[in-house]
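Have a look at the structure below before the remarks.
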Amino acid sequence: MALRNIIEDGHPSLGMVCKPVKKVGDHEREILDDLTETMRNAEGVGLAAPQVGILRRMVVIEVDDQLYQLVNPVITESEGDQFEYEGCLSVPGMRGRVHRPAKVKVSALDRNGEPREYEGEGLLARAFCHELDHLDGILYNSKCEDYERITDPVEEDEE
Ligand code: NI
């Protein structure tokens with residue numbers, strides 16, 4: 001595993017629509033592991049492949065000590081609404097509130113290429129939505145309110 005460089009807002013790769021992964025093999029597993037190591041090193045709750053300059057549909061999320069490594073993830077169901085602060089490792093020092101579903105279901109391939117279903121609510125639902133947006137070139141700050149500088153970064157969850 002290796003740490004990757006996280007690119008920041010303004011870099012053109014963050015605005016691109018990522019391509020689907022055709023086959024999950026050793027190379028893709030290595031990317032998932034690098035994303036995981038990079039996310040943990042940065043103390044984030046999620047990281048998407050385009051944030052390290054890889055324009056493929058892969059994300060990692062870690063919430064409540066549960067690690068999710070998702071390939072070609074799609075939101076299949078969503079319900080309710082939440083309006084909470086989000087941050088992003090590609091937008092350091094900032095936060096903003098985004099309307100997200102309270103609960104989502106996601107289908108994706110796992111690291112072995114097997115189809116899986118995931119369910120998340122609260123922070124996990126926000127993380128699914130935030131990371132999947134990255135795959136379509138969307139940063140949370142393009143649709144947030146109350147955008148502001150973080151005064152106490154320790155309390156923020158950055159994705
Ligand atoms: Ni992000």
Item checked: Residue tally, condition aromatic (Phe, Trp, Tyr) and modelled with pLDDT under 95, over segment 134-153 -> 0
Check: In segment 112-122, how many residues are more than 16 Å from the chain's Cα centre (by Cα) and of a type outside the set (Asp, Glu)?
Finding: 4
Margin query: Any residue that is basic (Lys, Arg), over 15 Å from residue 132 (Cβ atoms) and over 16 Å from the mean Cα position of the chain (by Cα) - is there at least one of those in segment 14-22?
Written below: yes
Check: Are any residues in segment 14-38 open to solvent by 20 Å² or more (accessible area, probe 1.4 Å) and in a helix (DSSP H, G or I), and if so, which ones?
Finding: 15, 26, 27, 28, 29, 30, 33, 37
Notebook entry, point to check: Condition test on residue 5, is it part of a strand (DSSP E or B) and modelled with pLDDT of 95 or more?
Noted result: no
Notebook entry, point to check: Does segment 80-98 include one or more residues that are surrounded by fewer than 17 Cβ atoms within 10 Å (Cβ to Cβ), within 15 Å of the chain's Cα centre (by Cα), more than 25 Å from residue 29 (Cβ to Cβ) and within 15 Å of the ligand (Cβ to nearest atom)?
Noted result: yes
Next item on the list: Say whether the condition of being of a type in the set (Gly, Ala, Ser), open to solvent by less than 70 Å² (accessible area, probe 1.4 Å) and either closer than 26 Å to residue 33 by Cα or in contact with a strand residue (DSSP E or B) (Cβ under 8 Å, 6 or more places away or on another chain) (or both) is met by at least one residue in segment 67-78.
Entry: no
Note to self: Looking at the structure I just gave you, is residue 158 touching a helix residue (DSSP H, G or I) at 6+ places or on another chain (Cβ under 8 Å) and surrounded by 18 or more Cβ atoms within 10 Å (Cβ to Cβ)?
What the structure shows: no
Next item on the list: Give me a count of the residues in segment 106-124 that are without any contact (Cβ under 8 Å) to a residue 60 or more places away in the chain and either open to solvent by 70 Å² or more (accessible area, probe 1.4 Å) or closer than 15 Å to residue 44 by Cα (or both).
Entry: 6
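The values are calculated or read from the model by the stated rules, or taken from the named source; none is laboratory data. If you're wondering where the values come from, they're calculated on a predicted model, not measured in any experiment. Methodologically, a virtual Cβ is constructed for each residue, glycine included, from the backbone with ideal geometry; neighbour enumeration extends over all protein chains shown. Just so you know, the surface numbers come from the protein's heavy atoms only, side chains and all, with ligands and any DNA or RNA stripped out. Shrake-Rupley method; radii C 1.70, N 1.55, O 1.52, S 1.80 Å.
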